[in-house]
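Colleague: Quick one: structure below, then a few questions.
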Amino acid sequence: MRKNLFYSTVLLTLANLLMRAISMAFQVYLSGQVGAAGIGLLQLILTVSALAVTIGTAGVRVSLMYLCAEELGHRRPGGVRSAMGVCLLYTLAFSTLCAFAMMGLADRLAEGWIGDVRSAPALRLAALLLPLTCLNAVMTGYFTAASKIGRMVIVDIFERVLSIFLTVWLLKTWAKGDLTRACCAMVGGNALSTAVGFFLLYGLYRLDRRSMHPVKEKLHMPSRLFKLCIPLAVNEYLRAGLGTLEQMLIPKGLAKAAGSTMESMAAYGTIHGMVFPILFFPTCLLYSLSDLLVPELAKCLAAKRQKRIVHLTDKCLRLCFFYACAIAGGLYCLAPQLGQLLFGTDEVGIYLRMFAPQVLVLYLDAIVDGMNKGLGQQVICVRYNTFTSILDVVLLFFLLPVWGIGGYYFSFTVTHLINLFLSIRRLIKVSGYRPSLGFACKSLFLTGLCCVLTSLITPALPQEALTGLLAVLLAFVLLFWTFTNLLHPLSKEDFQWLKSIILPKGQKKSVPIQ
């Protein structure tokens with residue numbers, strides 16, 4: 001079980017790294033085609049589309065993963081078939097209603113929410129393909145819960161490559177510099193490839209379905225689904241709605257502070273379309289693990305394997321925090337070089353260095369969120385996320401027009417810290433895990449020391465974009481590795497545990513399976 005979790009995580013991570021690398025290069029291409037303001041407009045369109053997908057799926061993806069994990073834990077493959085049927089019908093109904101609503105409200109959303117009527121055609125196109133986009137999300141939930149990651153990865157890579165090909169083709173042959181058409185090309189390329197991905201995944205599921213014989217006993221699947229979906233849907237609706245409101249407030253608040261709508265849209269596009277893709281690029285590992293921890297912990301909870309839960313919580317939190325420290329320090333040191341190399345501007349580097357310390361909170365929160373969902377804490381998470389989302393909107397409303405980017409940064413920091421504190425406190429309570437503060441202090445000290453030393457020697461290193469990036473990266477890695485061996489933030493048991501799950505089956509394990 002442990003090896004399966006590890007290798008599934010590795011496979012998902014490698015696939016996500018590949019796809020994010022392709023997406024990063026594509027983002028650089030798009031910024032050259034439509035500029036920072038165009039990227040900002042696209043981000044707002046995608047924010048509205050993401051809200052529509054959230055409404056259309058209504059919490060069903062995580063619910064399906066949980067139901068499939070329960071049925072597999074009880075050794076009832078037929079129960080998985082029943083869960084899939086109910087979840088697909090549920091998603092189709094909700095997403096179709098949402099698509100009609102989005103289609104009818106496209107002009108109002110473009111003018112009132114986004115503030116640019118040129119986005120209306122792109123919103124209609126996204127609405128047209130919304131049901132298939134939502135159904136695709138459900139299918140990925142099934143393959144994750146069933147631990148059939150390889151098939152999903154292949155389809156996902158094909159889907160991403162197809163999206164880029166369609167978008168570039170439409171931009172070159174149809175859009176030709178027109179921003180309205182460019183937005184349609186970018187949204188349409190992504191939506192069409194997602195629709196193709198759904199049909200491929202559904203075909204693979206139909207092959208699996210032949211071995212899932214219906215069960216005779218009553219599983220009460222609709223009631224079980226609604227019991228899970230209602231709190232999840234409420235959480236996702238509130239969070240997505242407040243998140244959308246937050247995204248709409250940012251450019252408007254920045255415009256009041258800067259006095260220019262174009263400048264505010266460019267700043268918004270720089271942060272959300274250029275800085276955040278770099279910031280979240282290394283989260284491939286964490287989001288892969290977080291997705292896989294939901295069914296893994298659900299199985300352990302159903303089987304009452306408390307020691308396994310504590311063991312997974314301990315190892316995942318410790319290694320995740322150490323990983324976040326390394327990435328935060330690396331991004332802080334490499335920010336100027338990355339901004340110049342990828343986007344040819346110092347502004348990206350300035351914002352990236354500003355947000356680099358947030359990695360510690362954002363990455364840890366990704367793992368904690370997956371663990372809480374796996375342990376059935378969806379209702380509590382609803383309260384935490386709703387509270388912090390409302391607080392975020394309030395802070396943005398009052399601080400953005402006065403402090404500008406400073407107000408956005410303050411709000412971002414405060415709300416994410418509060419959310420992480422509440423989530424970790426809940427995880428500790430339900431899992432029985434006791435964290436080690438000594439480990440956290442050592443990791444933070446190690447990261448800060450390496451950042452200071454790297455910054456001191458950076459002026460003596462080559463200053464060219466690529467050469468300078470590689471030189472600074474090498475210096476930071478060598479320093480981080482050296483002080484890790486001197487300070488020992490990770491214990492020998494941590495390294496033995498990693499070694500034991502990487503070794504082939506026939507080799508001796510250093511740590512017993514919990």
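Colleague: What do you reckon, is Leu41 surrounded by fewer than 22 Cβ atoms within 10 Å (Cβ to Cβ), among the aliphatic types (A, V, I, L, M) and assigned to a helix (DSSP H, G or I)?
Modeller: Values: surrounded by fewer than 22 Cβ atoms within 10 Å (Cβ to Cβ): no; among the aliphatic types (A, V, I, L, M): yes; assigned to a helix (DSSP H, G or I): yes.
Answer is no for this residue.
Colleague: Counting only residues that are within 23 Å of the chain's Cα centre (by Cα) and polar (S, T, N, Q), which one in region 166-204 is most open to solvent (accessible area, probe 1.4 Å)?
Modeller: The qualifying residue most open to solvent (accessible area, probe 1.4 Å) is Asn190.
Colleague: Pairs please, first residue from region 197-208 and in a helix (DSSP H, G or I), second anywhere and among the aromatic types (Phe, Trp, Tyr) and open to solvent by 30 Å² or more (accessible area, probe 1.4 Å), Cβ atoms under 9 Å, 6+ apart in sequence or on different chains.
Modeller: These pairs meet every condition: Gly197/Phe158; Leu200/Phe158.
Colleague: Looking at (1) modelled with pLDDT of 90 or more; (2) in contact with a Leu (Cβ under 7 Å, 6 or more places away or on another chain); (3) not acidic (Asp, Glu), can you tell me which one Trp169 breaks?
Modeller: That leaves (2) as the condition not met.
Colleague: In region 415-440, which residue that is β-branched (Val, Ile, Thr) and free of Cβ contacts under 8 Å to residues at least 40 places away in the same chain is least open to solvent (accessible area, probe 1.4 Å)?
Modeller: Filtering region 415-440 down to residues β-branched (Val, Ile, Thr) leaves 415, 418, 424, 428, 430.
Remaining after also requiring free of Cβ contacts under 8 Å to residues at least 40 places away in the same chain: 415, 418, 428.
Details: Thr415: 7, Ile418: 52, Ile428: 40 Å².
This residue is Thr415.
Colleague: Okay, next question. Among what's in region 499-514 and is within 28 Å of Gly330 (Cα to Cα) and open to solvent by 80 Å² or more (accessible area, probe 1.4 Å), pick the residue that is modelled with the lowest pLDDT.
Modeller: Ile502
Results for (1) at positive phi; (2) among the acidic types (Asp, Glu); (3) in contact with a Pro (Cβ under 8 Å, 6 or more places away or on another chain); (4) open to solvent by less than 50 Å² (accessible area, probe 1.4 Å), shown as yes or no for each residue.
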| site | (1), (2), (3), (4) |
| --- | --- |
| Gly115 | yes, no, yes, no |
| Ala126 | no, no, no, yes |
| Pro131 | no, no, no, yes |
| Tyr142 | no, no, no, yes |
| Arg151 | no, no, no, no |
| Ile164 | no, no, no, yes |
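Colleague: From the list Thr96, Thr91, which residue is more than 30 Å from Ala298 (Cα to Cα), of a type in the set (Val, Ile, Thr) and assigned to a helix (DSSP H, G or I)?
Modeller: Working: Thr91 fails: more than 30 Å from Ala298 (Cα to Cα).
Selected residue: Thr96, the only one of Thr96, Thr91 that is more than 30 Å from Ala298 (Cα to Cα), of a type in the set (Val, Ile, Thr) and assigned to a helix (DSSP H, G or I).
Colleague: If a residue must be exposed (fewer than 14 other Cβ atoms within 10 Å of the Cβ), among the hydroxyl-bearing types (Ser, Thr, Tyr) and either at pLDDT below 90 or outside any helix (DSSP H, G or I) (or both), how many such residues does region 448-498 contain?
Modeller: Count: 2.
Colleague: I'm trying to understand the selection: among the residues of region 66-97, which are among the small types (Gly, Ala, Ser) and either surrounded by fewer than 23 Cβ atoms within 10 Å (Cβ to Cβ) or over 30 Å from Leu125 (Cβ atoms) (or both)? If you could, list the steps in order and put the result at the bottom.
Modeller: Our first condition is that a residue be among the small types (Gly, Ala, Ser); within region 66-97, this holds for 69, 73, 78-79, 82-83, 85, 93, 95.
Listed by number, the residues that qualify are Ala69, Gly73, Gly78, Gly79, Ser82, Ala83, Gly85, Ala93.
Colleague: If we scan region 404-413, do we find a residue that is assigned to a helix (DSSP H, G or I) and either in contact with a His (Cβ under 6 Å, 6 or more places away or on another chain) or free of Cβ contacts under 8 Å to residues at least 12 places away in the same chain (or both)? Outline the logic, then answer.
Modeller: We begin by selecting, within region 404-413, every residue assigned to a helix (DSSP H, G or I); these are 405-413.
Next, from what is left, pick out any that are either in contact with a His (Cβ under 6 Å, 6 or more places away or on another chain) or free of Cβ contacts under 8 Å to residues at least 12 places away in the same chain (or both): 406.
Yes: one or more hits.
Colleague: Looking only at region 386-414, which residues are touching an Asp or Glu at 6+ places or on another chain (Cβ under 9 Å) and either of a type outside the set (S, T, N, Q) or open to solvent by 10 Å² or more (accessible area, probe 1.4 Å) (or both)? Walk me through how you get there before you give the answer.
Modeller: Looking only at region 386-414, we keep the residues that are touching an Asp or Glu at 6+ places or on another chain (Cβ under 9 Å), and these are 389, 392-393, 396, 411-412, 414.
Hits for region 386-414 are Ser389, Asp392, Val393, Leu396, Phe412, Val414.
Colleague: Looking at region 38-57, which of its residues are farther than 14 Å from Met248 by Cα, in contact with an Asp or Glu (Cβ under 9 Å, 6 or more places away or on another chain) and not polar (S, T, N, Q)? Show your work before the answer.
Modeller: Residues of region 38-57 farther than 14 Å from Met248 by Cα: 38-39, 52-57.
If we keep only those that are in contact with an Asp or Glu (Cβ under 9 Å, 6 or more places away or on another chain) too, we end up with 54-55, 57.
The one that is farther than 14 Å from Met248 by Cα, in contact with an Asp or Glu (Cβ under 9 Å, 6 or more places away or on another chain) and not polar (S, T, N, Q): Ile55.
The values are calculated or read from the model by the stated rules, or taken from the named source; none is laboratory data. The structure presented is a predicted model; accordingly, all values stated were derived computationally and were not measured. Cβ: placed from backbone, ideal geometry, glycine included. Neighbour counts: every protein chain shown. These area figures cover heavy atoms from the full protein model, side chains too; ligands, DNA and RNA do not enter into them. Shrake-Rupley method; radii C 1.70, N 1.55, O 1.52, S 1.80 Å.
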